[in-house]
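Structure first, then comments.
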Amino acid sequence: MSKEYLVFANYFNGWWRGETTKWATDGEDWRLRYPDRIPIAGCYNGADTMRAEIDYASENGVDCFIMLWYHNAGGNYPDTAALNGGIPDFMNSPNCGKMSFMIEDCNHLPFLTESDEDWERNVSYFVECMKHPSYMRVDGKALLKIHGVYFFAKECGFNAEKAAARIALLRKRARDEGVGELLLCTSAATDEELLPYLKLFDYYSSYAADIPELAKTDEKYPYAYMKDASYQAVEAFKDLRYVPFVMGGWDPSPWKDPRPSFAFPTESEWRDMLLSMKKWLDEKPWLGIPCAEGRQKAFNIYAWNEYGEGGILAPTLGDGDMKLRVLKEVFSEGTKNQTRAEQCRAK
């Protein structure tokens with residue numbers, strides 16, 4: 001049995017104890033000022049929190065965590081070990097069979113992979129993770145995303161042949177080690193100079209909205225702007241096989257981000273956003289992941305746990321389980337006889 005719609009959510013493993021945790025800005029624990037963002041499943045990443053998060057997510061319609069993974073470029077970023085800890089936490093969780101996970105190589109600055117030796121090490125890690133029984137597959141093919149196509153080109157010295165060789169190595173290692181064929185994703189783009197790099201991938205997506213260039217004010221802009229951003233991307237990338245996004249919110253005030261902030265969605269706004277996404281997936285044939293039957297309808301929610309930026313799907317003290325409850329209501333398909341991981345892999 002397969003699902004008509006697949007629901008992905010970005011997972012950010014930035015919530016550890018200590019001075020460098022993302023719960024702190026300029027040495028201040030910002031949870032004291034934003035207690036509504038405190039997660040119910042646990043404030044600190046680790047085995048117990050992951051187990052609770054898998055239960056919450058899988059029981060309410062989330063099929064896959066997109067694990068944000070960071071290359072420790074030059075060994076200069078010791079926090080990457082903590083940032084990447086969500087992947088082993090998921091793989092080792094006793095309830096990991098309830099849903100799937102996949103990797104997104106966050107190759108933006110300062111986490112570029114510029115040397116071929118480092119790329120080979122990354123490939124070895126990615127392929128090893130793909131052997132896990134809960135690794136995300138569509139049409140029997142394992143998924144992996146390279147976060148940004150521009151930065152992928154930059155990593156390769158803007159050399160299309162080098163880029164092609166890197167992707168070929170990744171695909172070959174997956175085949176040789178029993179993983180099989182891959183479905184590779186990168187960021188959607190329309191820049192002509194990036195076309196040689198875009199052609200190396202199977203489908204495209206966005207990490208989050210291009211935040212509207214508005215003046216930063218004390219008053220938050222309406223959530224409706226976030227819905228507009230989703231629709232604009234859907235229309236902008238109609239020439240690509242594109243997986244659209246839903247913004248769980250955008251308000252990076254705790255991190256003192258200079259960009260504008262937007263109000264969190266009310267329950268009615270959230271339901272309207274999800275119903276609209278379902279309608280777009282039904283009506284727009286370029287939306288989804290390529291498969292033998294044409295396409296697998298799918299969308300990405302930004303994000304499961306970007307508490308600092310306000311992209312939040314996980315249950316919190318402020319919203320409770322509202323967003324998950326509505327997600328389940330809109331996308332429930334009554335397929336309880338299989339685990340989420342089984343549903344996503346089956347064809």
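The values are calculated or read from the model by the stated rules, or taken from the named source; none is laboratory data. Not measured: the values here are computed from a predicted model. Don't worry about glycine lacking a Cβ; one is built from the backbone with ideal geometry, like all the others, and counts go over all protein chains shown.
Residue-by-condition table, conditions (1) more than 20 Å from the chain's Cα centre (by Cα); (2) not hydrophobic (A, V, I, L, M, F, W, C):
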residue	(1), (2)
W280	no, no
E283	yes, yes
G294	yes, yes
F299	no, no
W304	no, no
G311	no, yes
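So in the range 177-218, with the set limited to residues that are under 17 Å from the mean Cα position of the chain (by Cα) and of a type in the set (S, T, N, Q), which one is nearest to E128 (Cα to Cα)?
The residue in question is T186.
This table checks each residue for (1) out of contact with any Gly (no Cβ under 7 Å at 6 or more places or on another chain); (2) more than 19 Å from A298 (Cβ to Cβ); (3) crowded, with 21+ Cβ neighbours inside 10 Å.
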position	(1), (2), (3)
L240	yes, no, no
V246	yes, no, yes
S253	yes, yes, no
P258	yes, yes, no
A263	yes, yes, no
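Assess whether A164 counts as being part of a loop (DSSP other than H, G, I, E, B), surrounded by fewer than 21 Cβ atoms within 10 Å (Cβ to Cβ), among the hydrophobic types (A, V, I, L, M, F, W, C) and in contact with a Leu (Cβ under 7 Å, 6 or more places away or on another chain).
no
Yes/no matrix, rows are residues, columns are (1) not in a helix (DSSP H, G or I); (2) not small (G, A, S):
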position: D36; (1), (2): no, yes
position: G42; (1), (2): yes, no
position: A52; (1), (2): no, no
position: Y56; (1), (2): no, yes
position: N60; (1), (2): yes, yes
position: H71; (1), (2): yes, yes
position: I87; (1), (2): no, yes
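Do the conditions hold for Y204, that is, is it in contact with a Leu (Cβ under 7 Å, 6 or more places away or on another chain) and of a type in the set (S, T, Y)?
Considered against the rule, which asks whether it is in contact with a Leu (Cβ under 7 Å, 6 or more places away or on another chain) and of a type in the set (S, T, Y), Y204 comes out as yes.
Each row is one residue, and each column tells you yes or no for (1) in contact with a strand residue (DSSP E or B) (Cβ under 9 Å, 6 or more places away or on another chain); (2) within 27 Å of R259 (Cβ to Cβ); (3) touching a residue at least 24 places away in the same chain (Cβ under 8 Å).
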{"residue": "A160", "(1), (2), (3)": "no, no, yes"}
{"residue": "R173", "(1), (2), (3)": "no, no, yes"}
{"residue": "T190", "(1), (2), (3)": "no, yes, yes"}
{"residue": "L198", "(1), (2), (3)": "yes, yes, yes"}
{"residue": "D218", "(1), (2), (3)": "no, yes, no"}
{"residue": "A229", "(1), (2), (3)": "yes, yes, no"}
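Restricting attention to the range 195-227, which residues are under 21 Å from R241 (Cβ atoms), aliphatic (A, V, I, L, M) and surrounded by fewer than 18 Cβ atoms within 10 Å (Cβ to Cβ)?
Here is the first cut: in the range 195-227, the residues under 21 Å from R241 (Cβ atoms) are 195-210.
Restricting the remaining residues to those that are aliphatic (A, V, I, L, M) gives 195, 198, 200, 208-209.
Matches in the range 195-227: L195 only.
May I ask you to list pairs of residues, at least six apart or on different chains, whose Cβ atoms are under 7 Å apart, with the first in the range 303-316 being farther than 19 Å from S205 by Cβ and the second being among the polar types (S, T, N, Q)?
From the range 303-316, the pairs are I312/N305; A314/N305.
Cβ-Cβ distance below 7 Å, separation of 6 or more or different chains: which pairs start in the range 108-136 with a residue that is modelled with pLDDT of 95 or more and surrounded by 18 or more Cβ atoms within 10 Å (Cβ to Cβ) and end on one that is part of a loop (DSSP other than H, G, I, E, B) and of a type in the set (D, E)?
V127/E177
Could you please find all residues in the range 1-25 being of a type in the set (D, E) and at pLDDT below 95?
Initial filter on the range 1-25 (of a type in the set (D, E)): 4, 19.
E19, the sole residue that qualifies.
Among the residues of the range 251-270, are any closer than 30 Å to K131 by Cβ and either within 17 Å of the chain's Cα centre (by Cα) or among the polar types (S, T, N, Q) (or both)?
Among the residues of the range 251-270, not one is closer than 30 Å to K131 by Cβ and either within 17 Å of the chain's Cα centre (by Cα) or among the polar types (S, T, N, Q) (or both), which makes the answer no.
Testing L274 on (1) part of a helix (DSSP H, G or I); (2) within 20 Å of the chain's Cα centre (by Cα); (3) within 23 Å of T25 (Cα to Cα), one condition comes back false. Which one is that?
(3)
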